[in-house]
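Report on the structure given below.
The values are calculated or read from the model by the stated rules, or taken from the named source; none is laboratory data. Bear in mind the structure is a predicted one, so any value in this text is a computation, not a measurement. Backbone-built Cβ (ideal geometry, glycine too); neighbour counts: all protein chains shown.
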Amino acid sequence: MPASQAQLIPTKLALRRTLKAQRHGRTAAERDQVARAIAAVGLELPRLRQADCVAVYASLPEEPGTALLRAGLRELGIRVLLPVVGDDPESRRLDWAQDQGELVSAGALNLLEPPGERFGPAELGKAQVILVPALAVDTTGTRLGRGGGYYDTALTQADPHALRLALVHDQEVLDAETTPIPREPHDVEVHGAITPTRWMFFRSVQD
């Protein structure tokens, strides 16, 4: 690994620790409020409402909640895809399954996943909008994930015209002028973000 890339790792680790600590400090009531707000904001986004297929994820307890947003998308008749972790964690492979409301703990990482038919990684290419998890995103579209590399791998299967948005808390949108997120060659950028108070775009889908 080049020295310049190696220097990014401690910076990313420190930023992840700080952001995770902030998320874990939220109360259950605060998390419920965030989930309701994220759903309300997201469901007003025209590109989301007009999509035939949206890829999202079943949120972890400390993440901005997606359950209400997913339910709202299904009520609009939109096909919702959720990631399914492959049996071999070393492969960093995400398969996909259709969200119909029911989730079970499954897979190599014991995460919540839909039961039923599984589709391969290429199924992500059917989504017009992809909502991705992130600990933070900066105003150039650089996303800070958890470091597993699953989404950077999965997004190589996305339609190049699909809109990629991170779901984050307001304070997790970082000004790239003052607090840039270190970017590595494998990092896949997002076009914007949805927060509990607004949606925003950093770049066009054509970039």
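Residues of the range 191-202 include at least one that is among the small types (Gly, Ala, Ser) and within 22 Å of residue 30 (Cβ to Cβ).
Can you tell me which residues in the range 161-207 are among the β-branched types (Val, Ile, Thr), exposed (fewer than 14 other Cβ atoms within 10 Å of the Cβ) and either in a helix (DSSP H, G or I) or touching a helix residue (DSSP H, G or I) at 6+ places or on another chain (Cβ under 7 Å) (or both)? Steps first, answer last, please.
Keep residues of the range 161-207 that are among the β-branched types (Val, Ile, Thr), which gives 168, 173, 178-179, 181, 188, 190, 194-195, 197, 205.
Next, only the ones that are exposed (fewer than 14 other Cβ atoms within 10 Å of the Cβ) stay: 178-179, 197.
197, the sole residue that qualifies.
Please work out if residue 141 is touching a residue at least 40 places away in the same chain (Cβ under 8 Å), on the phi < 0 side of the Ramachandran plot and in a loop (DSSP other than H, G, I, E, B). In short, no. Against the list (1) of a type in the set (A, V, I, L, M); (2) in contact (Cβ under 8 Å) with a residue 12 or more places away in the chain; (3) over 21 Å from residue 129 (Cβ atoms), the condition residue 104 fails is (2). Only one of the listed residues (122, 136) is under 22 Å from residue 18 (Cα atoms) and modelled with pLDDT of 95 or more. That residue is 136.
Of the residues contained in the range 18-34, one or more are found to be under 17 Å from the mean Cα position of the chain (by Cα), of a type in the set (Val, Ile, Thr) and either outside any helix (DSSP H, G or I) or within 16 Å of residue 173 (Cα to Cα) (or both).
Note on the range 38-72: residues that are in contact with an Asp or Glu (Cβ under 8 Å, 6 or more places away or on another chain) and of a type in the set (A, V, I, L, M, F, W, C) amount to 2.
The set of residues from the range 71-91 being without any contact (Cβ under 8 Å) to a residue 40 or more places away in the chain and within 14 Å of the chain's Cα centre (by Cα) comprises 80, 82, 84.
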